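The values are calculated or read from the model by the stated rules, or taken from the named source; none is laboratory data. All figures in this text were calculated on a predicted structure; none of them were measured in a lab. Cβ: placed from backbone, ideal geometry, glycine included. Neighbour counts: every protein chain shown. Calculation scope for accessible area: heavy atoms of the full protein, side chains included, ligands and nucleic acids excluded. Shrake-Rupley method; radii C 1.70, N 1.55, O 1.52, S 1.80 Å.
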Amino acid sequence: MKRTNKLVSLLLISTMLAVSLAGCSSSNKVATANSGKSSIEDTVLQYQSSPGSVSYPELAADLGYLGDLKLEKVSNSVGGPESIQLTATGNVDFGAAFNGATVKAISKKVKIKAVVGYYGSDENTYIGAYVLEGSSIKGAKDFIGKKIGMNILGAHAEFLVKDYLRQGGLTEKEIDEVILVTIPASNAEQTLRNKQLDIIIFSGIARDFAVERGGIVELFKDIDVFGGNFTAGDIFFTEKYISENPTTVKTFTEGVAKAIEWARETPVEEVIARYEKIVSAREGNEPISNLQYWKSTGIATKGGVIEEKNFNIWIEWLETNGELEPGKIKAEDLYTNEFNPYAQAQ
């Protein structure tokens, strides 16, 4: 019944975004008040996955780090904002998103809380901005009036571009003249080469393929704009789910933290081989060739322990951008490390 209800909700979710986000907080409060805590905790966690890739929860399950917990995929992920929405409305049990998007959601009364790091940026794994060789675009001023492609608005890529432009001296009026275009990562390279876009923001395998083929130049990367390595996004549950399933959340978080460390400490070739095994065992003939480009976790802390600064930077950004009332949100209220064994060891 749990899975059926979620699948039905998924069909309706695209037309109910505004209503569901506005109402999720109050409905969760009613459910908690009426039902109280259950002595039986959830052991089958519904989630979203990405074809041809392996998330840390999936790696943890394959490594046997989740104990008796099972993962049940309900759909493919299209981005952090959707993941927040589906988690908040109970269509999946946990989600993952860029921390800036999480801050914005919580500021709108969405009752979610981050529990462990999910992805980040370092010298090997990062998000960058790219143009064609010979492009006249060299710096921030050259972005005015240009079209920039990115996988989704309101998340990591948009924050990156706007921060780069501000650091480059552009006024808010000039930044408004930069045209942001949503484009799937799989189409970004070709769209740039066809000169339908002037700049593309992308990362990972799509970026590696594009650079390997030549003719594309990197303008900047996020670790330069944001001042070094950082954990960019976290996995979260609703506060209600955590309250009703504390043992499940603890087991899950411990397993994911251990999986992150396994990927960090294991030779890259072995990690890739493990990922290929996991993906090959799935139904649907998912591609595995892209996995050879995996380089690092990108997560800045041991076991994905969450640091306050990874939320403060986006809180300050949103306040500066006029999207968040100063002092309305405190970083310490957005996450918890209580379930992460690596936090206790520090």
| note | Checked region 189-205 for anything over 19 Å from the mean Cα position of the chain (by Cα) and open to solvent by less than 70 Å² (accessible area, probe 1.4 Å); matches are Glu189, Thr191, Leu192, Leu197, Asp198, Ile199
| query | In the set Lys302, Lys328, which member is of a type in the set (Lys, Arg) and touching a residue at least 60 places away in the same chain (Cβ under 8 Å)? | reply | Lys328
| request: List every residue pair whose Cβ atoms lie under 6 Å apart, where the two residues are 6 or more positions apart in sequence or sit on different chains, the first residue falls within region 57-80 and is over 24 Å from His156 (Cβ atoms), and the second residue, located anywhere, is surrounded by fewer than 18 Cβ atoms within 10 Å (Cβ to Cβ). | output: Asp68/Thr43; Leu69/Thr43; Lys70/Val44; Glu72/Val44
| query | Going by the conditions given, is Glu332 open to solvent by 80 Å² or more (accessible area, probe 1.4 Å), assigned to a helix (DSSP H, G or I) and either of a type in the set (Gly, Ala, Ser) or at pLDDT below 90 (or both)? | reply | no
| query | When only residues in region 206-228 that are modelled with pLDDT of 90 or more and buried (at least 16 other Cβ atoms within 10 Å of the Cβ) count, which is nearest to Thr87 (Cα to Cα)? | reply | Asp222
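Take Ile148 and decide whether it is free of Cβ contacts under 8 Å to residues at least 60 places away in the same chain and within 28 Å of Leu318 (Cβ to Cβ).
yes
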| Does region 135-162 hold any residues that are assigned to a loop (DSSP other than H, G, I, E, B), modelled with pLDDT of 95 or more and either over 27 Å from the mean Cα position of the chain (by Cα) or crowded, with 19+ Cβ neighbours inside 10 Å (or both), and which are they? | Ser135, Ser136, Ile137, Lys138, Gly139, Ile144, Gly145
| request: Please indicate, with yes or no, whether at least one residue in region 173-185 is at positive phi, open to solvent by 20 Å² or more (accessible area, probe 1.4 Å) and outside any helix (DSSP H, G or I). | output: no
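Condition check ((1) over 16 Å from Ile306 (Cα atoms); (2) touching a strand residue (DSSP E or B) at 6+ places or on another chain (Cβ under 9 Å); (3) at pLDDT 95 or above; (4) open to solvent by less than 20 Å² (accessible area, probe 1.4 Å)) across all residues:
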site: Ser49; (1), (2), (3), (4): yes, yes, no, yes
site: Ser53; (1), (2), (3), (4): yes, no, no, no
site: Pro81; (1), (2), (3), (4): yes, yes, no, no
site: Ala105; (1), (2), (3), (4): yes, yes, no, yes
site: Lys108; (1), (2), (3), (4): yes, no, no, no
site: Ile112; (1), (2), (3), (4): no, yes, yes, yes
site: Gly117; (1), (2), (3), (4): no, yes, yes, yes
site: Ser121; (1), (2), (3), (4): no, yes, no, yes
site: Tyr126; (1), (2), (3), (4): yes, yes, no, no
| note | Note: among Leu132, Leu197, Leu165, just one is more than 30 Å from Pro51 (Cβ to Cβ) and either at pLDDT 95 or above or basic (Lys, Arg) (or both), namely Leu165
